[in-house]
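Heads up, the thing below is written out as structure tokens.
None of the figures in this text is laboratory data; all of them are computed from the coordinates on show. Since this is a predicted model, take the numbers as computed values, not measurements. Reconstructed Cβ throughout: ideal geometry from the backbone, glycine too, with neighbour counts over all protein chains shown.
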Amino acid sequence: MPIFSWGIRRQLVVIGILAVFVFLIVGGLIYYFLPEPTCFDNRKNQDEEGVDCGGQCAPCSEKIHNLTILWSRAFSVREGSYDAAALLDNQNQFLGSKKLVYAFKLYDKDNILIAVRENSTFIGAGEKFIIFESDFAIQNRIPARAVLELREVRWEAAEPEALPIDVLSKDILLEGASPQIDVRIKNLSTNALKNLEASAVISDSSGAVLGVSRTRLDLLEGLAESRLIFTWPKQVPGAANAQILLRKIP
């Protein structure tokens, strides 16, 4: 004798069809309203690796790498005043940021916080760049270390940009009455370059960083040469090398 009558079996089939129909509708609505997977929301909430972005955001095929702080230092520039600088490496070749919020913190030998300053900068795709803060007023304590704290960054798609600039010469004159580095650069492109930020990192023969200075160049005409002057308020003995880093301010 059958367990279910023909009428009951028919009802079960109809209920099953309706259940499948409802499941398909609900699943479609969830898929439609679910936010698209993105590499730029600073969270891995979906399968960002291998996301097909329709050819509009190639970086989605790779992981987002954290910024690497290669070094951070505090430098005495005059009595009671210090500069702080750090060199960072963005290993994301197709990601940049219009705003990186950071804080520099200076500690003394007893690990007591004696100064802090918050600011922001931008990040170019795949670039190494300097963060520099000048004139920390220090009263009775001496900074023993500088810590760069990265507080907020929102990544977005960006193309790496190699500036067509050649450094023609560097004259390191840091032990005279007016310590400075005199740099000559040339624009190798026929197009004018605007809003350039230039940083000079000086080091001794062993590679230890001794100081940092920064300047800006508003305009460098196509195929033109220009002079960059980096200054320090006091002599920097032992300086043997100078690294010049150039970036374009967006």
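Counting charges near Leu88 (Lys, Arg +1; Asp, Glu -1) among other residues having Cβ under 11 Å from its Cβ returns a value of -1.
Taking 17 Å as the straight-line reach from the Cα of Lys186, the lysines in range (excluding those fewer than 8 positions away in the same chain) are Lys170, Lys194, Lys248. Computed from backbone phi, the HN-Hα couplings of segment 181-198 come to 10, 9, 10, 10, 10, 9, 7, 7, 9, 7, 8, 6, 10, 10, 6, 9, 10, 10 Hz, rounded to whole numbers (Karplus: 6.51 cos²θ - 1.76 cosθ + 1.60, θ = phi - 60°; Gly and Pro given as x). Mind running the shape call on segment 68-157? Use the C-alpha gyration tensor, a ≥ b ≥ c as the square roots of the eigenvalues: rounded below 1.5 for a/c, prolate if a/b tops b/c, oblate otherwise. It comes out prolate by the Cα gyration axes. Each Lys or Arg adds one and each Asp or Glu takes one away; over the other residues whose Cβ falls under 14 Å from the Cβ of Pro164, this sums to 0. Think of each Lys and Arg Cβ as +1 and each Asp and Glu Cβ as -1; about the Cα centre, that makes the dipole of segment 165-248 roughly 240 debye. Taking Cβ atoms as reference points and 12 Å as the exclusive limit, the residues near Ile130 contribute a net charge of -1, counting Lys and Arg as +1 and Asp and Glu as -1.
Taken as Cα centroids, segment 83-125 and segment 226-243 sit 22 Å apart, rounded to the nearest whole angstrom. Evaluating 6.51 cos²θ - 1.76 cosθ + 1.60 at θ = phi - 60° for every residue in segment 103-108, the Karplus couplings come out as 9, 9, 10, 10, 10, 8 Hz, glycine and proline recorded as x. Close amide H partners of Asn195, meaning residues 5 or more places away or on another chain with modelled amide H under 5 Å apart, are Leu219. If you take the square roots of the eigenvalues of the alpha-carbon gyration tensor of segment 179-250 and sort them as a ≥ b ≥ c, do you get rounded (a/c under 1.5), prolate (a/b over b/c) or oblate? Note, shape of segment 179-250 comes out prolate.
Here the Karplus relation 6.51 cos²θ - 1.76 cosθ + 1.60, evaluated at θ = phi - 60°, turns the backbone of segment 118-134 into coupling constants of 9, 7, 9, 8, 10, 10, x, 5, x, 9, 9, 8, 9, 9, 9, 10, 10 Hz, with x for every Gly and Pro. Between Trp71 and Lys194, the FRET efficiency from the beta-carbon distance, with R0 = 41 Å, is close to 0.85. Taking a ≥ b ≥ c as the square roots of the eigenvalues of the Cα gyration tensor, an a/c ratio of 1.5 or more together with a/b no larger than b/c marks segment 123-250 as oblate. Amide H contacts of Leu95 (H built 1.01 Å from N, in plane; Pro and chain starts excluded): Gly126, Ala158 sit under 5 Å, all sequence-distant by 5 or more or on other chains. Remark: spin-label model distance Arg216-Gln180 equals 2.0 nm, labels positioned 7 Å along the Cα→Cβ axis.
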